[in-house]
Every structure is written in C-alpha cells, then in structure tokens.
C-alpha cells in the first residue's frame, strides 16, 4: 500500500492574530484572510481516480470525491481571502455547472457547494525568482492592507494600472533581449559596395 506523506504546517498564533487584525473577520467569526502551507491546504476534487501500486500497476479505479493539495508549489506559504457563499451562486447552479458524469456516476467535480463560503488564493509568498520566503507577520499584514486598499480603487483605474505594468514589463524584456543580441552579434563594418561588369 502506498502512503503519501505531506508536510503540514500552521501559521504561528502571533502571525494569525496579526492577519486577523489587519483583515477583520467574516460573518462566521473567522478571519477574512489567512496564510496556509501549500501541503496543508486541501480541496475537494471529484472524478475518476486510478490508484497504482509501487510498480505502477493499477490497484483500483474509483469515481469519488477526494481531498487533494490545492496549491503549487507545495512548499510555500499562500495568502487566501474568504469569499461569501453568494459569490458562488445558488447551490442548484453550482451543481449544474460543476457536476461531471464518470462511468454513469454524477459527481461534483469541485466538491460540495461552499455553504459557508470558501477561502480562495490571493498570492504565493515567494521571492522574485520563485525562491522560498519565510512567513512574516509584518509582510502578511502589509499585503492584506494593500489588497484591501486596492479594492477601493475604481475597476477602470485598476485595469489601466495593470495594462501599464504589463506594457512596462514587455518593454523591459524587449530592451533586455536587444541588449543581449547586441552583445552576441559582432559589430557589422560596412564594406564599400562595388559593382563589377
């Protein structure tokens, strides 16, 4: 039997308290924001699963709901924000839109309807090159305040800012490419053009 071991971590209490103070609580008294360890955050996925032994042989196939890690990379902290159930629509529509048929069995591909809302991904805490960053209460609080501040900015202005950021990224990349090409290609020295009869 294959046993999957996951590294499980919880945010320290002082960090969780700081996040709750920065983001407030929802109508269920839970924090609006939280940080979770990638391996620790599980979600429901419904479908046809194939279990294999250590040699790759099929042990069984089953159509069922399973809890699986939600985020990649698994070895990073992830900031989540709580969303109310109303954002997912009524339960009937949830099931209409998420149910899949596998081997004649109807199964909700995204799991049960989130009756008490759900925490959704905001961002992964990592460095600019994807490297690990340790969890910091100050950093998490700053990120939450930035997210909350950005919600007050009109959507059109947010869109213009996002487009401007992308245009700058594209221009910076293009400039970087041309600099590399200039370094790689030897200077061209013009030779006089002579026409011979």
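Determine, from the Cβ-Cβ distance of residue 49 and residue 86 and an R0 of 41 Å, the FRET efficiency 1/(1 + (r/R0)^6), rounded to the nearest 0.05.
Values: r = 31 Å, r/R0 = 0.77.
Efficiency, rounded to the nearest 0.05: 0.85.
Quote to one decimal, in nm, the extra length available between residue 42 and residue 57 on full extension: 0.36 nm per residue of separation minus the C-alpha distance between them.
Answer, rounded to one decimal: 2.8 nm.
Once you have a ≥ b ≥ c as the square roots of the Cα gyration tensor eigenvalues for region 13-152, tell me rounded if a/c is under 1.5, and otherwise prolate or oblate according to whether a/b is larger than b/c. Each step should come with its number before you reach the end.
Details: a/c = 2.89, a/b = 1.48, b/c = 1.95.
Oblate, since a/c reaches 1.5 and b/c is not below a/b.
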Using DSSP, restrict attention to beta bridges with both residues in region 13-152 and report what percent are antiparallel, rounded to the nearest 5. 95 percent
Test of understanding: what is the full-extension gain from residue 7 to residue 28, defined as 0.36 nm times their sequence separation minus their Cα-Cα distance? 4.7 nm
Using helices alone, I'd like the mean residue ellipticity at 222 nm for the chain: each DSSP H run of four-plus residues gives -39500 (n - 2.57), total over residue count, nearest 500. -11000 deg cm²/dmol
Order of 173, 95 from fewest to most other C-beta atoms within 10 Å? 173, 95
Quick calc, residue 129 & residue 174: beta-carbon distance into FRET formula, R0 22 Å, rounding 0.05, result 0.60
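Just so you know, all these numbers are worked out from the coordinates, no wet-lab data involved. These figures come from a predicted structure and were not determined experimentally. Heads up, the Cβs are rebuilt from the backbone with ideal geometry, glycines too, and the neighbour counts pull from every protein chain shown.
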